[in-house]
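The next block holds one structure in the form of structure tokens; read it before the comments.
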Amino acid sequence: MSAFPEISKIRYEGPESKNPLAFRHYDKNELVEGKPMKDHLRFSVAYWHTMRGTGGDPFGAATMLRPWEAAEDSVENAITRARAAFEFFEKLGAPFYCFHDRDVAPEGATLAETNKNLDAVAKVLKEEQDRSGVKLLWGTANLFGNPRYMHGAATSCNADAFAFAAAQVKKALEVTKELGGAGYVFWGGREGYQCLWNTDMKREVDHLAVFMHMAVDYAKKIGFTGQFYFEPKPKEPTKHQYDFDSAACINFLRAYGLADHVKMNIETNHATLAGHSVEHELDYAASQGFLGSVDANTGDMLLGWDTDQFPTDIYLTTKIMLMILKYGGFSTGGLNFDAKVRRESFEPVDLFHAHIGGMDAFAKGLKIAAAIRADGVLDEMVRERYSSWDAGVGAEIESGRHDFETLQKYMLDKGEITPNASGRQELFENVVNRYVF
């Protein structure tokens, strides 16, 4: 039985289309910089928001109409939901999806029963993948929802919670490998603290490193070759999380010998919670060699929490795609819509409207970013701004030919610096506007 009987496969109809259930900009086979759009963007649907989101919040009960849901979260209902999910992926034309273990299968009374439940649903996911051609971008484990993780998982003060989390990730890695997942994400939902008085920070961070090394070792043992990702988030639900931003995560990975195994999965809304823009996080991570994947969403600048809204701002998507293209594009990662429809948008068709809008926004952003790069105006303006480093003393400093003593002599001889040039911020912004509208 169809979960979306009134929805046909979403097609590309072009910029003049007024059809709300058609793409205006996302033509998956259109070549951009010599590569099809679908390969640049690698869109993924987040199982947790799309198939499991209820619309409930701290101030109100669930609102979503989801015909595939039953009153009891049983394995049978999880299988029905999985079939509905793949109908959605196919009709939307999304090539990938992502999930937490608890998104796809219910937790049992024991670990053994939980694993059995996951195996039963994973079998159906594999069947649906083989039938549809939709692939798993990455898997992960929910190490934050169950009360056993109230103090964290890998960073818990309770060693048994650490052990249970290890067993859960072991199984999640096995299932991700079985489903051909291109990656696996570590998101420290509760890996942080609320009160520093009762926290041994060094011990907790040490334990987090031990945990991640165990995962790397087990992946090698079972032959899982997918990319590991670390997802930064500064707060929520804890006051301070150890994976605060890309800089903190990369420092952690280098300090604990994990840099060769893990890259970043960067989320727009998490970046803003850390006081950064997403393009800052992407540029920093990529410049350090850690760009992996992107959770594509946005926040509301008037609200101070993780609202996980769908991205429809063309400036935002242009900035993201400029960074992705600048550093050579995705290899194993992609654009995962870690976004949820608003609780007032409660009908199943709203899931299509939301994803179509996000996919079109990124397709338009990709085309704008490619046009900016093709003209080379911005690049030339930046090169001009840093031209003092391309010859003379600047080039000598970059090549390692100076120290403090030689630079002191240089300035004593010269007397004063070459006058600064204008930064021309407004001109840069105006140049970008030429391409956006």
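The values are calculated or read from the model by the stated rules, or taken from the named source; none is laboratory data. Predicted, not measured: the structure shown is a model, and the values here were computed from it. Because the Cβ atoms are built from the backbone with ideal geometry, glycine has one as well, and the counts that use them run over all protein chains shown. When the accessible area is computed, the model is the full protein with side chains, heavy atoms only, and any ligands, DNA or RNA have been set aside. Shrake-Rupley method; radii C 1.70, N 1.55, O 1.52, S 1.80 Å.
Data overview
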| item | result |
| --- | --- |
| Cα-centred dipole magnitude for the range 288-361, charges only on beta-carbon of K, R (+1) and D, E (-1), debye, nearest 20 | 300 |
| Average accessible surface area per residue within the chain, 1.4 Å rolling probe, Å² | 49 |
| Correct option for mean projected area of the Cα convex hull in nm² [calculated from the coordinates] among (1) 23.6; (2) 25.2; (3) 32.2 | (2) |
| Nearby aspartates and glutamates by direct alpha-carbon distance to Lys221 (threshold 18 angstrom, same-chain neighbours under 8 apart not counted) | Glu174, Glu178, Asp260 |
| Phe23 long-range amide H proximity, modeled H, under 5 Å | Arg11, Tyr12, Glu13 |
| When each of Lys135/Lys220; Lys28/Lys367; Lys18/Lys91; Lys35/Lys126; Lys38/Lys364 is checked by Cα-Cα distance, pairs over 24 Å | Lys35/Lys126 |
| Convex hull projection area averaged over all views, the range 305-349, Cα basis, nm² | 4.7 |
| Using alpha-carbon coordinates, inclination of helix 75-92 to the longest axis of the chain, degrees | 50 |
| Percent carbon-and-sulfur accessible area, the range 287-437, ignoring ligands, DNA and RNA, probe 1.4 Å | 54 |
| Positive-end residue, the chain charge dipole about Cα centroid, Cβ charges, pick of Gly392, Ala61, Ala274 | Ala61 |
| Charge tally in the Cβ shell below 12 Å around Gly14, where Lys, Arg are +1 and Asp, Glu are -1, Gly14 excluded | -2 |
| Share of alpha-carbon pairs per 5 Å distance bin for the range 386-437, given as whole % | 4, 15, 17, 18, 12, 9, 9, 8, 5, 2, 0 |
| Per-selection Rg to Rh, the range 279-356 - Cα, Kirkwood hydrodynamic radius | 1.02 |
| Under the Karplus curve 6.51 cos²θ - 1.76 cosθ + 1.60, θ = phi - 60°, whole-Hz ³J(HN,Hα) for the range 181-187, x wherever Gly or Pro sits | x, 7, x, 9, 10, 9, 10 |
| For the range 85-230, projected area of the alpha-carbon convex hull averaged over all directions, nm² | 9.1 |
| Amide H contacts under 5 Å for Phe230, placed H, 5+ residues apart | Phe186, Lys263, Met264, Asn265 |
| Value of Rg to Rh for the range 359-404 (Rh from inverse mean 1/r over Cα pairs, i.e. Kirkwood) | 1.31 |
| Accessible surface of the range 120-248, 1.4 Å probe, proportion on carbon and sulfur as whole % | 56 |
| Length-normalised contact order for the range 81-176 - Cα pairs under 8 Å, 6+ apart - percent | 28 |
| Table column - 3J(HN,Hα) (Hz), the range 42-58, Karplus curve with 6.51, -1.76, 1.60, x for Gly and Pro | 6, 5, 9, 9, 7, 4, 5, 7, 6, 9, 10, x, 10, x, x, 9, x |
| Kirkwood hydrodynamic radius over Cα pairs of the range 240-389, then Stokes diffusion coefficient at 20 °C and 1.002 mPa s, in µm²/s | 129 |
| Cβ charges +1 (Lys, Arg) and -1 (Asp, Glu), total dipole of the chain, debye | 660 |
| Longest exposed-site-free window of the chain, the sites being GluC sites (Glu not before Pro) in a DSSP loop that have at most 16 other C-beta atoms within 10 Å | 73-343 |
| Computed over the chain: relative contact order in percent, which uses C-alpha pairs under 8 Å that are six or more apart | 15 |
| Among Val134, Ser44, Gly34 the positive-end extreme of the charge dipole of the range 1-150 (Cβ point charges) | Gly34 |
| Along principal axes, Cα extents of the range 49-150, largest first, whole Å | 38, 34, 23 |
| Relative contact order (%) - criterion: Cα under 8 Å, at least six apart; region: the range 320-415 | 26 |
| FRET efficiency, Ala163 to Ser277 (Cβ-Cβ, R0 45 Å, nearest 0.05) | 0.70 |
| Cα-Cα P(r), the range 300-437, percent of pairs per 10 Å interval | 9, 26, 24, 19, 13, 6, 2, 0 |
